[in-house]
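Taking it in order: structure first as structure tokens, then the write-up.
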Amino acid sequence: MDIATLLHWLQQAATERPAAQCIIRFRSGSYYRRFLYRLSKAASASGLSDVYRPLPIIRGICCRLPNDVELGTATGPIWIEKDCKISVSPSLKKYASFENGVQWGVKQIKAPQAWSITTGHRIKIGVIDTGIDFGHPDLQHSLLRGINLLNRSKLPHDDNGHGTHIAGTIAAVGGIHGMTGVAPRSLIAPVKAFDRNGSAYVSDIILGIDWCVRNGMNIINMSFGMKTRSKALLSAVNNAYNSGVIIIASSGNDGKLRSVDYPARYPQTISVGATNRQRKVASFSNRGAYIDIYAPGDKIPSAWLRGQYNEMSGTSMATSHVSGAVALLLSLYPGLSPGEIKAIMKRSMQPLKNSKTRRNVGELDISRMLQAAKQR
């Protein structure tokens, strides 16, 4: 397929409705650069600048194409796939009375025992989510500016609550009147890719991953998932992994034995399932061969909008515990690769209680994790 045909499709989609939102990836960097040059010239001449967004981490663009263009196939030097919707992992939510201090999940994974030697100091965590409550008193000392991918002229303010909850478990510093997260001296960069309904496109996630890599994030927290496999998302995850970024993803809340959401199913991520206070797999959590580690995810209190607190359940909450734990580990051993971190975690897990899952899977235990890292 030549560049002229692609440009014709874009012009056609700009004037016709309906049109399908798609991701186009290019096999070679030179062909991609040549296409972007031709596209930028055509856009300035014909008003196409609003109908596409570059996705440099995957050598691609997000755009609209006519509905009759065949998707999901490779055509010469390019691949075209549908830009699918993706959601923050649906979580069970309940407003609850809040007790100050260290929450039960943070205690269960033994984070407080590690704070005398590591608090995650200066480790940067990109939380690709719904944004954050910048006014929350427990988070004000833990925040970087981040980015709002839905409106780049605005701060990534949270209009849903999910992202604030995730950030609280990772890095809250509330003192005697608030809560303390797993890695209280780590830094959260909120990457707002999801709208107030907790919905985003795959292209938004790819842009978020790209921003995290370019801005030196050590960890990316992905508390979201979808059922369909996206080669474009896999390409972005793989490029981040090869750049040394640790990606931690929620497995999903379908309670299924052999089903894990994407991107957690990709081997380049650390896939997280959820446990309860009894160290058992939570009933809602996906489980099975694709899970790398379990962490507390049932009835987790954390930060919420307008400076409040909220209790939520889901593998999203488990994922934030693991992100905090990796921050503690990286602060002590900054040279560890994503593969080494996953191996250390899997080697040091606490066996699950009364579990029918396979024996080589267990719950996060930070004391054992740090010991395993020391002995490696």
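The values are calculated or read from the model by the stated rules, or taken from the named source; none is laboratory data. Predicted, not measured: the structure shown is a model, and the values here were computed from it. So basically every Cβ, Gly included, is an ideal-geometry build from the backbone, and we count neighbours across all protein chains shown.
General remarks:
- Under the condition of being at pLDDT 95 or above and among the charged types (D, E, K, R), the residues counted in the stretch 255-269 number 2.
- In the stretch 38-52, the residue that is nearest to ASP2 (Cα to Cα) out of those that are modelled with pLDDT of 80 or more and of a type in the set (D, E, K, R) is ARG38.
- Any hit, the stretch 167-186, residues being closer than 30 Å to ILE24 by Cβ, touching a helix residue (DSSP H, G or I) at 6+ places or on another chain (Cβ under 6 Å), in the same structural domain as LEU139 (by TED's automatic domain parsing) and not in a helix (DSSP H, G or I): no
- Within the stretch 1-34, the residues that satisfy the criterion of being surrounded by fewer than 17 Cβ atoms within 10 Å (Cβ to Cβ) and charged (D, E, K, R) are ASP2, GLU16, ARG17, ARG27, ARG33, ARG34.
- Yes/no for ALA274 being assigned to a strand (DSSP E or B), in the same structural domain as ILE248 (by TED's automatic domain parsing) and without any contact (Cβ under 8 Å) to a residue 60 or more places away in the chain: yes
- Of all residues in the stretch 232-271 being among the hydrophobic types (A, V, I, L, M, F, W, C) and in a helix (DSSP H, G or I), the one that is farthest from GLY297 (Cα to Cα): ALA232
- In this structure, ILE188 qualifies as touching a Gly at 6+ places or on another chain (Cβ under 9 Å), surrounded by 24 or more Cβ atoms within 10 Å (Cβ to Cβ) and among the hydrophobic types (A, V, I, L, M, F, W, C).
- Filter pass, ILE220 being touching a helix residue (DSSP H, G or I) at 6+ places or on another chain (Cβ under 6 Å), within 26 Å of SER331 (Cβ to Cβ) and outside any loop (DSSP other than H, G, I, E, B): yes
- Picking from residues in the stretch 216-238 that are under 18 Å from SER323 (Cα atoms) and of a type outside the set (A, V, I, L, M, F, W, C), the one that is surrounded by the most Cβ atoms within 10 Å (Cβ to Cβ) is ASN221.
- Residue count, the stretch 133-157 (criterion: part of a strand (DSSP E or B), more than 15 Å from ILE220 (Cβ to Cβ) and among the aliphatic types (A, V, I, L, M)): 1
- Long-range neighbours under 6 Å by Cβ, at least six apart or interchain, first residue at pLDDT below 85 within the stretch 4-25, second of a type in the set (Lys, Arg): ALA13/ARG64; ALA19/ARG64
- Condition check for ASP83: at pLDDT 95 or above and over 20 Å from ALA4 (Cβ atoms): yes
- Hey, TYR241 under 28 Å from HIS121 (Cβ atoms) and either within 15 Å of the chain's Cα centre (by Cα) or surrounded by fewer than 17 Cβ atoms within 10 Å (Cβ to Cβ) (or both) or not: yes
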